[in-house]
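Q: Quick one: this structure, given as structure tokens, is what I'll be asking you about.
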Amino acid sequence: MSAPANAWGIDEAAAVLHTDAIVWDQHGCLPLRPDEDSVDQLELYRSAGVDAVSINIGFDVTSPLDTFKVTAAFRRGILARPERFLLASTAADVREAKRSGRLAVTFDLEGTEPLDGELALLSAYHALGVRTVLIAYNQANRAGGGCHDDPEIGLTAFGRELVVEMNRLGILVDATHCSPRTTYDLFELSSQPVVFTHSVAKGVKEHDRNITDDQMRACAATGGVVGVNGVGIFLGENDASTEALVRAVDYAVGVVGPEHVGLGLDYVFDQDELNAYLEEHRDTFPAGGGYGDYFPHRFVSPLQLPELTEALIGLGYDEAALRGILGGNFLRVAEQVWG
């Protein structure tokens, strides 16, 4: 993936590295509507030099039927645009997308309620392109605990079955949004690396949705990656500046090293849809978390990623570390889990 260096407004050395590296955003949010043309919005990633992105297709408050409808629409839209997008199944597909100047797209599921308690549905989602699944979204569900619920709720018997099945299918196990106890259960149980696809450290900002240094270290010990998100209320006081993202990335590197840090911006394309979810599901987004305190909510845009590259070079990061953070670390885990 490439774009003219002067279009990004960064220095030449940073532009060359950003263009040559595999740039991977492990979580983005298109509108959760069955509209296949909405995938055209993914051009935002291409213009930012991004080579691979995982797109959310549902979370714990979306029904299985609605989630399948969204997945089918996104899948159809991507497959209908082969000159721009590649629906990736393996790490090799990501490399091919990079080689051919296309955007590799995979799907992720935020929480396991769209499985409706049926283990067999996991393989159906996998067949449609889901390559990452997190256990519980903010609140406890049938599989495990959420970050805004009792911190001691861990994996249920069903949750443990799901982890074993994810390992078997080659689905990346994601600890994001989960309770502390559930995250540690995942680290212990999974035979494959576990990741935080889009999380910020509590050392950057104290928030129940953010994670501790110990959680990050335990994630890294599995061979996993901490994907730093770009949500303003988790980075600071609704601060989605490039400087805030740089601070969060640099902090994570200080805890687990550059080989275990990546990017999962959690960029939301439709603010109106977000506000409707916040209003309708107040248990999922509880008061005191800043969810209802700002309008608009600010998110780091993928278009800021070239600035991140330039800023990390300015902090003294070497090329190997930068290539890993920008996407090489998630590619390494994908090669192990997806094949």
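Q: If LEU189 satisfies all but one of (1) crowded, with 21+ Cβ neighbours inside 10 Å; (2) among the aliphatic types (A, V, I, L, M); (3) out of contact with any Phe, Trp or Tyr (no Cβ under 7 Å at 6 or more places or on another chain), what's the number of the condition it fails?
A: (1)
Q: Hey, another quick one. Right, GLU206: at pLDDT 95 or above and under 30 Å from PHE295 (Cβ atoms) or not? Spell out the reasoning first.
A: On the way: at pLDDT 95 or above: yes; under 30 Å from PHE295 (Cβ atoms): yes.
Considered against the rule, which asks whether it is at pLDDT 95 or above and under 30 Å from PHE295 (Cβ atoms), GLU206 comes out as yes.
Residue-wise test of (1) assigned to a strand (DSSP E or B); (2) closer than 30 Å to GLY316 by Cβ; (3) β-branched (Val, Ile, Thr).
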residue: ILE10; (1), (2), (3): no, yes, yes
residue: ILE22; (1), (2), (3): no, yes, yes
residue: GLN26; (1), (2), (3): yes, yes, no
residue: PRO34; (1), (2), (3): no, no, no
residue: SER38; (1), (2), (3): no, no, no
residue: GLU43; (1), (2), (3): no, no, no
residue: VAL53; (1), (2), (3): yes, yes, yes
residue: GLY58; (1), (2), (3): yes, no, no
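Q: Where residues in the range 269-308 are within 16 Å of the chain's Cα centre (by Cα) and buried (at least 17 other Cβ atoms within 10 Å of the Cβ), which of them is farthest from GLY327 (Cα to Cα)? It would help to see each step written out before you state the result.
A: Narrowing the range 269-308 to residues within 16 Å of the chain's Cα centre (by Cα): 269, 299-302, 305.
This time we only want the ones that are buried (at least 17 other Cβ atoms within 10 Å of the Cβ), so: 299-300, 302, 305.
Working: PHE299: 20, VAL300: 17, PRO302: 13, LEU305: 11 Å.
This residue is PHE299.
Q: What is the residue count in the range 85-106 for residues that are part of a strand (DSSP E or B), touching a residue at least 24 places away in the same chain (Cβ under 8 Å) and under 17 Å from HIS126 (Cα atoms)?
A: The first filter runs over the range 85-106 and keeps only residues part of a strand (DSSP E or B), leaving 85-87, 103-106.
Then keep just the ones that are touching a residue at least 24 places away in the same chain (Cβ under 8 Å); that gives 85, 87, 103-106.
Filter once more, so that each one left must be under 17 Å from HIS126 (Cα atoms): 87, 104-106.
Final tally of qualifying residues: 4.
Q: Tell me, which residue of the range 309-338 that is under 14 Å from ASP20 (Cα atoms) and β-branched (Val, Ile, Thr) is surrounded by the most Cβ atoms within 10 Å (Cβ to Cβ)?
A: ILE325
Q: Another question, then. Criterion first (of a type in the set (A, V, I, L, M), within 26 Å of THR284 (Cα to Cα) and either part of a strand (DSSP E or B) or touching a helix residue (DSSP H, G or I) at 6+ places or on another chain (Cβ under 7 Å) (or both)) does LEU65 satisfy it?
A: Details: of a type in the set (A, V, I, L, M): yes; within 26 Å of THR284 (Cα to Cα): yes; either part of a strand (DSSP E or B) or touching a helix residue (DSSP H, G or I) at 6+ places or on another chain (Cβ under 7 Å) (or both): no.
Judged against the criteria, LEU65 is not a match.
Q: Given the conditions (1) in a loop (DSSP other than H, G, I, E, B); (2) at pLDDT 95 or above; (3) over 24 Å from ARG217 (Cα atoms), report the number of the one that LEU305 does not fulfil.
A: (1)
Q: Can you tell me which of VAL261, VAL300, VAL268 is in contact with a helix residue (DSSP H, G or I) (Cβ under 6 Å, 6 or more places away or on another chain), hydrophobic (A, V, I, L, M, F, W, C) and within 22 Å of ARG33 (Cα to Cα)?
A: VAL268
Q: Right, next: Out of everything in the range 58-84 that is touching a Ser or Thr at 6+ places or on another chain (Cβ under 8 Å), more than 14 Å from HIS126 (Cα to Cα) and small (Gly, Ala, Ser), what residue ends up being surrounded by the most Cβ atoms within 10 Å (Cβ to Cβ)?
A: GLY77
Q: Can you find a residue in the range 177-195 that is among the β-branched types (Val, Ile, Thr) and over 30 Å from ALA73 (Cβ atoms)?
A: Filtering the range 177-195 for residues among the β-branched types (Val, Ile, Thr) gives 182-183, 194-195.
Pick out the ones that are also over 30 Å from ALA73 (Cβ atoms) and you get 182-183.
There is at least one residue in the range 177-195 that is among the β-branched types (Val, Ile, Thr) and over 30 Å from ALA73 (Cβ atoms).
Q: Answer with yes or no whether ALA140 is at pLDDT 95 or above, surrounded by fewer than 24 Cβ atoms within 10 Å (Cβ to Cβ) and among the hydrophobic types (A, V, I, L, M, F, W, C). Working first, answer last.
A: Working: at pLDDT 95 or above: yes; surrounded by fewer than 24 Cβ atoms within 10 Å (Cβ to Cβ): yes; among the hydrophobic types (A, V, I, L, M, F, W, C): yes.
Yes.
Q: Would you tally the residues in the range 172-181 being closer than 15 Å to ASP150 by Cα and touching a Leu at 6+ places or on another chain (Cβ under 6 Å)?
A: We begin by selecting, within the range 172-181, every residue closer than 15 Å to ASP150 by Cα; these are 177-181.
Narrowing the set further to residues that are touching a Leu at 6+ places or on another chain (Cβ under 6 Å) leaves 177.
So the answer is 1.
The values are calculated or read from the model by the stated rules, or taken from the named source; none is laboratory data. A quick note: this is a predicted structure, and the numbers were derived from the prediction, not measured. For neighbour counting, all protein chains shown are included, and Cβ atoms are generated from backbone atoms with ideal geometry for every residue, glycine included.
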